[in-house]
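Here's the structure, in structure tokens; my notes come after.
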Amino acid sequence: MSIGNDDVSKIASSSTGELPKATRRRGEALEKSLLNAAWEVLARSGFGGFTMEAVATQACTSRPVLYRRWSSVSELAMDAIRNRAIENTVELPDTGNLRDDLVTFLDELGKRREEILVLFSVGAAQVFSDTKGTFAEFFERIHVPERGRARIRTILERAASRGQVDAARMTPRVTSLPLDLLRHEVLTTLKPVPRAVLEEIIDDVFLPLVRATTAKSGS
């Protein structure tokens, strides 16, 4: 998205209600502030109260500033959710045990995404009525797969250094499997994924694919 240099936002004073000197924001800093304001509107009012006017008011700017970057309210909402997902990161656990690291990471990731699921429980259709895509396509837009895969790979590399996994088995497809299965659960239920389901994903599906073997089977 192109960012103009003439965008000015006036920040209201919380104590006097007066408008202080205009503060100029440009480029990435401006876009980030607009996305954060959009998320604040979503979190406070849900999709039912999510409008360009509401976001412009929250950001202390004007609707034309928003429309220069997002052609519709649905595009703004999707980018706001994606931005929130990127900023609301999960600390990588390091328990010394691969299984516990993976279950803990997926569980915490699911909890961080619960706020987004709550938004979809009411009123999402009216915001996205101007799009012709499916929910899966929308989820793909807000998804940040490369970020998730990199974090899973970090956990696996730590485990490989401890001899808990076979590094040769850590292909891109296998590495992304826990996140792919987590996303499938989210898409099909629109509910937080129970820890028991996460344990099944790790214990029954993922670990058998990557676990290091101590001895080769007989020929």
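Every number here is computed from the coordinates shown, using simple stated rules; none is lab data. Quick caveat: nothing in here was measured; it's all calculated off a predicted structure. Heads up, the Cβs are rebuilt from the backbone with ideal geometry, glycines too, and the neighbour counts pull from every protein chain shown.
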For 62-69, 50-57, ranked highest to lowest by mean beta-carbon neighbours within 10 Å, the order is 50-57, 62-69
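If we sort 81-94, 173-186, 32-45 on the protection proxy, mean other Cβ atoms within 10 Å, highest first, what's the order? It would help to have the intermediate numbers written out before the result.
Values: 81-94: 15.3, 173-186: 17.6, 32-45: 19.3.
Those peptides, ordered most packed to least, come out 32-45, 173-186, 81-94.
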Which residues' amide hydrogens lie under 5 Å from the amide hydrogen of VAL165, considering only partners 5 or more residues apart or on another chain, with H built in the peptide plane? ALA160, ALA212
Give the peptides 71-77, 195-201 in descending order of average Cβ contacts within 10 Å, highest first. 71-77, 195-201
